[in-house]
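The values are calculated or read from the model by the stated rules, or taken from the named source; none is laboratory data. Just so it is clear, the structure is predicted and the values come from calculations on it, not from any experiment. Virtual Cβ from ideal backbone geometry, glycine too; neighbours counted across all protein chains shown.
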Amino acid sequence: MLVEFDGEVHRDRRVFVRDLRRQNRLVLAGWTTLRFSSADVLGRPREVVAAIRAALGR
């Protein structure tokens with residue numbers, strides 16, 4: 001499992017496209033990827049931790 005934090009730089013179109021392609025490669029390789037924004041990490045930290053715990057429990 002991978003956990004990623006997407007900061008402001010990920011709003012740039014080139015970075016966004018690169019992120020999508022990378023995520024597709026990871027999914028095809030069998031990885032589970034959880035991605036969180038600063039709004040998630042800073043505004044909803046309990047939900048972020050719960051999501052990570054749920055994914056680890058699978």
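Can you find even one residue in the range 9-28 that is at pLDDT below 95, in contact with a helix residue (DSSP H, G or I) (Cβ under 8 Å, 6 or more places away or on another chain) and among the aliphatic types (A, V, I, L, M)? Within the range 9-28 (the criterion being at pLDDT below 95, in contact with a helix residue (DSSP H, G or I) (Cβ under 8 Å, 6 or more places away or on another chain) and among the aliphatic types (A, V, I, L, M)), the answer is yes, since at least one residue qualifies.
Residue count for the range 36-57 satisfying the condition of being at pLDDT below 95 and not in a helix (DSSP H, G or I): 2. For the range 28-44, the candidate set comprises residues that are more than 14 Å from the chain's Cα centre (by Cα) and exposed (fewer than 13 other Cβ atoms within 10 Å of the Cβ); within that set, the residue that is nearest to G7 (Cα to Cα) is L42.
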